[in-house]
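Structure, as structure tokens:
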Amino acid sequence: MAAFSRTLCLMAACALLCSAAAAAPIAPAPERSEGEGPFPQLILRGLTVVTGTGAPAYGPVDIVIEGNRIVDLKMVGNPGVPIDATRRPRLAEGGRELDLSGHMALPGLVDMHGHIGGSEQGVDAEYVYKLWLAHGVTTVRDPGCGNGIDWCVSEMRRSESNRITAPRIFPYAFFGMGRDSPMTRPEEAREWVRDMKRRGAVGMKCFGHRPDILEAAFDELRKQGMRSACHHAQLDVARVDVLTTARWGLTTMEHWYGLPEALFDGRTVQDYPADYNYLDEQHRFGEAGKLWAQAAAPGSERYEAVMKELLALDFTLDPTFNIYQASRDWMRARTADWHAEYTHPALWDFFRPGRDRHGSFFFDWGTEQEVAWRDNYRRWMHFVNDYKNRGGRVTVGSDSGYIYKIYGFGTIEELELLREAGFHPLEVIRAATLSGAEALGAADRIGSLEPGKLADLVIVRGNPLANLKLLYGTGHPSLDGEGAMVRSEGIRYTIKDGIVFDASRLRSDVRRIVSKAKAQRPDWRPTVE
Ligand SMILES: [Zn+2]
């Protein structure tokens, strides 16, 4: 899915629109009024812990946090027997403790494909951030910074100092943005990279470009110590696929475009029908659904060569399975449990079928398109799981804000999709935590529950390893002993930088934002096609 609004997509070649969008960013988050802490000492008692490193769960554990750092994960007993109080860490004067027996602690989640939204989505940053935090997302990478690099860097700094209620933000500037005219010389790409670094970007998001110019950008990124993400857009993928950019030093590939093309062994371009038009969104998404079937099969010489080279380059896959879910089951995507209370009406309008909105490609989307996409998923998931099994890094990215996908909920859906692809639940959590931190170059600070790391944690009642749906803001419905259907509560606390956020309060804030927006538009109805 395009990593940014359709307007921004086109901006790759049109800097005029580009600067227009940057001039009208969404409202930044208000000053923070949520969360408690950080505390001189905070002890979370009696939890089961999943560290994010691939280690199995263990508990009971008392987690000791001082300020914004984890200082100890103390094993205080064994399951099924009372905890010996003498083994527990002592609460210091002025400290705070929470009894969290029956809960599990995970590292804060890292969403590697988290657009903070834009004017097309029509929602404010507060809505986006609160949904993320309510789903345990304590770090996002904004691939492209659709609200402009200066806006994005400003929000990064405000979040860093906890002036706003938001995850940590890693701004990756959209390659080509902010230019008065399209780049025509490699030196311009180098200047652009240096300019973005000066303005606070930590990476580049590219969508495609003339190869010599793009190559220069990658070379300059390397010199500047910056990272990169690429959505290999079809317009350039015949010249620049995933292998090309990986050799140039690309850090993470987004989605999947460019990978089947690297795996072509009986063709050099996708089998486009004669009347294909890239700007017809149903053509674009419909034909994309037939692409993996055109790639070399697992075990073939070409498949092995591409797999091995990407592994050798320490390349990261950020598949964003979630954002294509509607392609294989449109009805399910548009009737998800959370739309009623959590989907902002402006976002809903943006999702509805339309020829001039990116990702709203359901002009006549039927069985044939969905079946092709299910096959596409099967092949794609096989590659991603195989890559992980051979030691490759795979991360979690949601790309929410497009195609019926809602911030936070989409991140949890991505966890379920990695599980479907064949990841063990512990591998799923590692992908969503430590692997993301590694791909960001931040694994020294975040991504796992270990002494010395920043205190970013997710606290949830029950065992999400047995059922990832416990992490959804709408919880998980099940039948209780009296025969009534009950819903679990979702994440209970999200802790970022030692600050404890009550996730249920964040969720109710979002519901209030949504109902207020609906009240301002009394005639609005959530039209389901
Ligand atoms: Zn995206």
| query | Suppose every K and R has +1 on its Cβ and every D and E has -1 on its Cβ; what is the size of the dipole of the chain about the Cα centre, in Debye to the nearest 20? | reply | 820
| request: Would you work out if the stretch 256-409 is rounded, prolate or oblate? Take a ≥ b ≥ c from the square roots of the eigenvalues of the alpha-carbon gyration tensor; rounded if a/c is under 1.5, else prolate when a/b is larger than b/c, oblate otherwise. | output: oblate
| remark: Non-local residues with an amide H under 5 Å from the amide H of PHE39, with H modelled 1.01 Å from N and Pro and chain starts lacking one, are GLY67
| request: For the stretch 465-473, take each phi angle, set θ = phi - 60°, evaluate the Karplus expression 6.51 cos²θ - 1.76 cosθ + 1.60, and give the result in whole Hz per residue in order, putting x for glycine and proline. | output: 5, 7, 7, 5, 5, 4, 8, 5, x
| request: Under 15 Å from the Cβ of VAL486, count the other residues' Cβ atoms, weight Lys and Arg +1, Asp and Glu -1, and hand me the total. | output: -1
| task | Mind checking which lysines have their Cα closer than 30 Å to the Cα of LYS205? Skip sequence neighbours fewer than 8 apart in that chain. | result | LYS130, LYS197, LYS223, LYS290, LYS308, LYS388, LYS405, LYS453, LYS496
| query | Which whole-number value in Å² is the accessible area per residue of the chain, probe 1.4 Å? | reply | 38
| remark: Here the membrane-span-like helices of the chain, with no claim about any membrane, defined by DSSP H, Cα axial extent at least 30 Å and mean Kyte-Doolittle at least 1.6, are none
| said: Taking R0 as 35 Å, what FRET efficiency do you get between ARG378 and SER478 from their Cβ-Cβ distance, rounded to the nearest 0.05? | reply: 0.75
| How many angstrom separate the Cα center of the stretch 483-498 from the Cα center of the stretch 139-200? | 33
| task | On the protein heavy atoms, probe 1.4 angstrom, tell me the percent of accessible surface of the stretch 371-529 carried by carbon and sulfur. | result | 49
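The values are calculated or read from the model by the stated rules, or taken from the named source; none is laboratory data. This structure is a prediction, so every number in the text was calculated from the model and none was measured. We place every Cβ from the backbone using ideal geometry, glycine too, and count neighbours over all the protein chains shown. Areas reflect the complete protein model, heavy atoms only, side chains present, ligands, DNA and RNA absent. Shrake-Rupley method; radii C 1.70, N 1.55, O 1.52, S 1.80 Å.
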